[in-house]
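Laboratory data are not the source of any read-out in this text; all were calculated from the coordinates shown. Owing to the predicted nature of the structure, the values given are computational and were not obtained by experimental measurement. Here the Cβ positions follow ideal geometry from the backbone for every residue, glycine too, while neighbour counts run over all protein chains shown.
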Amino acid sequence: MFQKLISFTLLLALIQPLFSQTNVKEPFPYSNRFSLLGGLIQPLLLKGGNVEVNYFSKRISFDYSHGFLLQVPASKTYADQGICSFLPFSTGFGIGYRFLPFLDLRVEPKLHSWEVYYANENRRDVTPIASYKTFTIGLGLYYRYMPFKNSKSMFLQGLTTSTSVRWWPNIGSTLSNDEFSYVNKFSQQTETLKAANVGMANTPFIFNIGVGFTFGGR
């Protein structure tokens, strides 16, 4: 409940400038432009992929991102029980405000699909121990870097990196009481686990770097 209250308060704080600064005389560079990006953390650390589409108006940012086939590193609790998590997909959108030409803060509702398996099993051949979905709403701070923004070449101008720090707390899940129980085949004991967080080390915190292209130049 505390996390939900914080998320709602931050959401209101972010939305307020969206309506109070509608008469901006001079747009930031790369306004009214689309960007297409791919995350680096997903293929390098999670053996999956991620695609993100952004649109930037004069001050507002919009995005849709979709991660897929993500193998989550096991937490100590999962490792001790010999199990692991897999995300077939993690998807959602964001809307934010551009405080600086290349810095924006976004509110991001997301849906995450989870499957839990024994670590020594091939997930394609077995039924998961548990499958469920979690819902998050949080914030993402994004900094875009255009290494060739002053180039005369439209292609070089468009080369884009996006570094992000996100806080995505769970606000709900498809599990009863946000937890599930199962009998572990190694210990023969009943284990009860909470719905997982989608961030690093089973927390709401996420760091990523995206690389891609912004269309249309400055």
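Across segment 34-51, coupling constants 3J(HN,Hα) worked out from phi with the 6.51/-1.76/1.60 Karplus curve, θ = phi - 60°, read 9, 10, 10, 10, x, x, 8, 4, 4, x, 6, 10, 10, 6, x, x, 7, 10 Hz, and Gly and Pro carry x. Note on the chain: GNM, Cα springs under 10 Å; of K185, K133, K110, the largest mean-square fluctuation is that of K185. The loop-placed chymotrypsin sites (Phe, Trp or Tyr not before Pro) in segment 125-173, going by DSSP, that have at most 16 neighbouring Cβ atoms within 10 Å of their Cβ come out as F148. The mean sequence separation of alpha-carbon pairs under 8 Å and at least six residues apart, normalised by the residue count of segment 78-196, gives a relative contact order of 21 percent.
Against the chain, whose longest principal axis is taken from its Cα atoms, helix 2-20 shows a tilt of about 10°.
With a threshold of 22 Å on the Cα-Cα distance, the over-threshold entries among K47/K133; K47/K149; K133/K185; K110/K194; K47/K185 are K47/K149; K133/K185; K47/K185. For N177 and F215, a Förster radius of 45 Å and the Cβ-Cβ distance give a FRET efficiency of 0.45, rounded to the nearest 0.05. Work out the charge dipole of the chain with +1 on the Cβ of Lys and Arg and -1 on the Cβ of Asp and Glu about the Cα centre, then indicate which of S164, N32, Y78 is farthest towards its positive end. The residue sitting farthest along the positive end of the dipole is N32. Please compute the contact order of the chain in relative form: average sequence separation of alpha-carbon pairs under 8 Å and at least six residues apart, divided by the residue count, as a percent. Once normalised by length, the contact order is 19 percent.
A simple spin-label model places the labels of T91 and S153 3.6 nm from each other, with each point 7 Å out along Cα-to-Cβ. Using θ = phi - 60° in the Karplus curve 6.51 cos²θ - 1.76 cosθ + 1.60, the 3J(HN,Hα) couplings for segment 145-156 round to 10, 10, x, 10, 5, 9, 6, 7, 7, 4, 5, 5 Hz; x is entered for Gly and Pro.
Only Lys, Arg, Asp and Glu carry charge here, each on its Cβ (+1 for the first two, -1 for the last two); on that basis the chain has a dipole of about 860 debye about its Cα centre.
Label-to-label distance for Y55 and T190 is 5.1 nm, based on points extended 7 Å past Cα in the beta-carbon direction. Only helical runs count toward this figure. For the chain, summing -39,500 (n - 2.57) over DSSP H runs of n ≥ 4 and dividing by all residues gives -4500 deg cm²/dmol at 222 nm.
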